[in-house]
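Worksheet: the structure to be examined is printed underneath.
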Amino acid sequence: MKKILVTGVAGFIGFHYAKRLCEAGYTVLGIDNLNDYYDVSLKEVRLKILEPFDNFEFEKLDIADRTGMEKLFMSYNPDVIAHIAAQAGVRYSIDNPHIYVDSNLQGFLNVLEGARQTRAGHLIFASSSSVYGANTVVPFSEKHNVDHPISLYAATKKSNELMAHSYAHLYGLPCTGLRFFTVYGAWGRPDMAVYKFTKAIYEGRSIDVYNNGDMLRDFTYIDDIIEAMMRLVDKIPDLDSESKAPYKIYNIGNNRPEKLIDLIKFIEAETGIKAKKNMMEIQLGDVYSTYADIDALSDAIDFKPSTLLKDGIHKFVEWYKDFYQIDLEVKSKIT
């Protein structure tokens, strides 16, 4: 089986992907710097779940460490690279811009160079729906122009796509970029709405509801994301006649935008607790709507994400209750 390098392996998507790859028999080396952008203990627990796999190995490493990354690539020589690591968060990028340059630009360059030097057979990298920025035509298509990002985070992700394309063109490095649309689910990120709202509701705290809940998001359940990524491992991009490079970009979204206020209602229904809402104006860097056109993905791998938000929230809240040991007695005290 192929050797696969997964960056950001202790993160939400990286963890789930590494687990599925290990279960499928691939040899996986995962790297992560275990930064404190959110609770490190959650990342450590994810890693403990991966540790029992004989075909999994972990190395603590920052992708921005050029020397460390060079040594890693030369010693491991992966067949496939799944580059998931990045400094995430649209709002965080407004106050902490330098971190995004270090991780998302310098770090990605180190990955590209490693892939080039070791002649990797396929680089799969995480992009984001945020690249669509100020676009107003929906659903968002990979054919649309994405030259108007409205956050530095989005700009770094667009830059990643351009950097990957240049390496695909110059060196024949097959690259597949994945524009993820609002991923949620078990073992998710605490800074994302689903996790953050659920935690606040159980703790009896108010939640900030931007644009009074009138925002649309194409919420995509983690299992659908991972299934698509598994099918793409061996889907090597052909030489594109227009761009002259073995390069492809795919949207991975649920193709079903939902209102933020409806998301809150689903969480309330699952927890049995009414949320305390702090209604606010739309925040700088946010877009009103995300909506994925997934025809290209469906044509390529014969799969479409299909988990309904209501069902996905049920699964997430069940995981949350189990992980944090929330029982009926605790819930009755909160209410």
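Using only Cα atoms, find the angle between the long axis of helix 40-50 and the longest principal axis of the chain, and express it within 0 to 90 degrees, rounded to the nearest 10.
Once rounded, one gets 60 degrees.
Applying the Karplus parametrisation 6.51 cos²θ - 1.76 cosθ + 1.60 with θ = phi - 60° to the phi angles of the stretch 256-273, what ³J(HN,Hα) value in whole Hz is obtained for each residue in order, glycine and proline being reported as x?
7, x, 10, 6, 4, 5, 6, 4, 4, 4, 5, 5, 4, 5, 6, 8, x, 10
With contacts defined as alpha carbon pairs under 8 Å and 6 or more residues apart, what's the relative contact order of the stretch 26-160 in percent? Show your work: numbers first, answer last.
Working: 164 pairs, mean separation 33.1, N = 135.
Answer for the stretch 26-160 is 25 percent.
Would you mind calculating the relative contact order of the chain from Cα pairs under 8 angstrom and at least 6 residues apart, reporting the percent as a whole number?
On the way: 651 pairs, mean separation 57.3, N = 335.
Contact order relative to length: 17 percent.
I'd like the GluC sites (Glu not before Pro) in the stretch 253-287 restricted to DSSP loop residues with at most 10 other Cβ atoms within 10 Å, sorted by number.
E281
Rounded to whole Å and sorted largest first, list the principal axis extents of the Cα atoms in the chain.
For the chain, the Cα spread along each principal axis is 59, 46, 39 Å.
Considering only I222, N55, G177, whose Cα is most displaced toward the positive end of the charge dipole of the chain, charges sitting on Cβ of Lys, Arg (+1) and Asp, Glu (-1)?
I222
Taking 7 Å along the Cα-to-C-beta vector as the label spot, tell me the M1-T136 distance in nanometres, rounded to one decimal.
Distance between the two pseudo-spin positions: 4.9 nm.
Please compute the Kirkwood hydrodynamic radius of the stretch 188-304 from all pairs of different C-alpha atoms, in Å with one decimal.
Working: mean 1/r = 0.0607 Å⁻¹.
The Cα-based Kirkwood calculation yields 16.5 Å.
Accessible area per residue of the chain at 1.4 Å probe, in Å²?
Working: 14950 Å² over 335 residues.
Ligands and nucleic acids excluded, the result is 45 Å² per residue.
What is the distance in Å between the Cα centroid of the stretch 221-266 and that of the stretch 18-85?
Their Cα centres are 22 Å away from one another.
For F140, what residues show an amide H to amide H distance below 5 Å, using hydrogens built from the backbone and excluding near sequence neighbours?
Residues meeting the criterion, in which the H sits 1.01 Å from N, are Y291, A292, D293.
At 0.36 nm per residue, and after removing the present C-alpha to C-alpha distance, how many nm does the segment from E268 to K48 gain when stretched out fully?
On the way: separation 220, 0.36 × 220 = 79.20 nm, distance 3.11 nm.
Stretched out fully, the E268 to K48 stretch lengthens by 76.1 nm.
Evaluate the Kirkwood expression for the hydrodynamic radius of the stretch 1-83, namely the inverse of the mean inverse distance over all pairs of different C-alpha atoms, and round to one decimal in Å.
Details: mean 1/r = 0.0789 Å⁻¹.
Evaluated over the stretch 1-83, this radius sits at 12.7 Å.
For the stretch 6-83, build the charge dipole from Cβ charges (+1 Lys, Arg; -1 Asp, Glu) around the Cα centre, then report which of I31, Y76, G11 sits farthest towards its positive end.
G11
What part of the accessible area of the chain, given as a whole %, is carbon or sulfur when the probe is 1.4 angstrom? Let's see the in-between values first.
Numbers: 7410 of 14950 Å².
C and S atoms contribute 50 percent here.
Mind listing P(r) for the stretch 156-232? All alpha-carbon pairs, 5 Å bins, whole percents.
It works out to 3, 12, 15, 16, 17, 13, 10, 7, 4, 2, 1, in whole percents.
The values are calculated or read from the model by the stated rules, or taken from the named source; none is laboratory data. Just so it is clear, the model here is predicted, and its values are computed rather than measured. Every residue, glycine among them, receives a Cβ derived from its backbone with ideal geometry; neighbour counts consider all protein chains shown. Just so you know, the surface numbers come from the protein's heavy atoms only, side chains and all, with ligands and any DNA or RNA stripped out. Shrake-Rupley method; radii C 1.70, N 1.55, O 1.52, S 1.80 Å.
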